[in-house]
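So the structure is just underneath, and the comments pick up after that.
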Ligand code: NAD
């Protein structure tokens, strides 16, 4: 039984990953924003899926001290952090000349710096135990760019640099670090983006889905949360011990173009 922290696991991809690890019998530390009743309902539902214990820690990914406490609380409660999934993320779509400064700062903090703070806090324990898996949820936008997403693309490219560096530092200590780079997944993050992109590009929402989003993915299908969770489970397994420092696209062929 492993202990798994998934940040931003009250919704979307993070929730799907937490669910899959819970079903596989691991201890889960949920994290993210949400009303306490909703969060408790998620916690109780996941706890019923497997043998592991499921707890929630409300660390705000904008706050380094709360992130450090998330890792410390997990180590105190379960004795270790075996799998760390920096996943929490936000998006804002706007021309760079109009891009709000506060949005730039928040996206860099939540989508990039929070992963640094998490790994910084968890790495010593992983190295001491000679075992650890770090699985960052980056994006196809870690590999390529799209217009109007300057902060997001910068943060996701940054995550890949961070993961490669951590992979080298952990290589002789049984600690692997990888990034999954999904294409478009139908989650609240993308649903919001459809509306924003429609406004920015002066298009209908239907046209954004067909001409912007699914146009980017040769398969013309959204990636599913379950598919990403299955890859995360594999990366956490013994069979994945030699995969480290990798950016693994799951994007319907988007970045092959
Ligand atoms: P989502 O909006 O469904 O979930 C985001 C999660 O992050 C939520 O649980 C939210 O509460 C949490 N979060 C946001 N701000 C936070 C903060 N300050 N502190 C703590 N938690 C916070 O989005 P999603 O689509 O599931 O995205 C998850 C990750 O996957 C993000 O890093 C995103 O960039 C990445 N991603 C998403 C897609 C996609 O198409 N949906 C594609 C590629 C990568």
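For the range 57-74, what are the residues that are buried (at least 19 other Cβ atoms within 10 Å of the Cβ) and either under 12 Å from residue 9 (Cα atoms) or within 12 Å of the ligand (Cβ to nearest atom) (or both)?
57, 59, 61, 67, 70
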- Query: Going by the conditions given, is residue 32 over 18 Å from the mean Cα position of the chain (by Cα), in the same structural domain as residue 176 (by TED's automatic domain parsing), modelled with pLDDT of 95 or more and crowded, with 18+ Cβ neighbours inside 10 Å?
  - Reply: no
- Looking at (1) within 13 Å of the ligand (Cβ to nearest atom); (2) at pLDDT below 90, can you tell me which one residue 211 breaks? (1)
- Pair list, Cβ < 8 Å and 6+ apart or interchain, from the range 1-14 residues that are closer than 16 Å to residue 117 by Cα to residues that are more than 12 Å from the ligand (Cβ to nearest atom) and in a loop (DSSP other than H, G, I, E, B): 5/81
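Picking from 142, 158, 183, which residue would you name as being over 24 Å from residue 22 (Cβ atoms), free of Cβ contacts under 8 Å to residues at least 60 places away in the same chain and within 17 Å of the chain's Cα centre (by Cα)? Give the derivation first.
Working: 142 fails: free of Cβ contacts under 8 Å to residues at least 60 places away in the same chain; 183 fails: free of Cβ contacts under 8 Å to residues at least 60 places away in the same chain.
Exactly one residue qualifies, and that residue is 158.
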- Please find, within the range 190-207, the residue that is modelled with the highest pLDDT out of those that are more than 21 Å from residue 253 (Cβ to Cβ) and within 18 Å of the chain's Cα centre (by Cα). 191
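The values are calculated or read from the model by the stated rules, or taken from the named source; none is laboratory data. A quick note: this is a predicted structure, and the numbers were derived from the prediction, not measured. Every residue, glycine among them, receives a Cβ derived from its backbone with ideal geometry; neighbour counts consider all protein chains shown.
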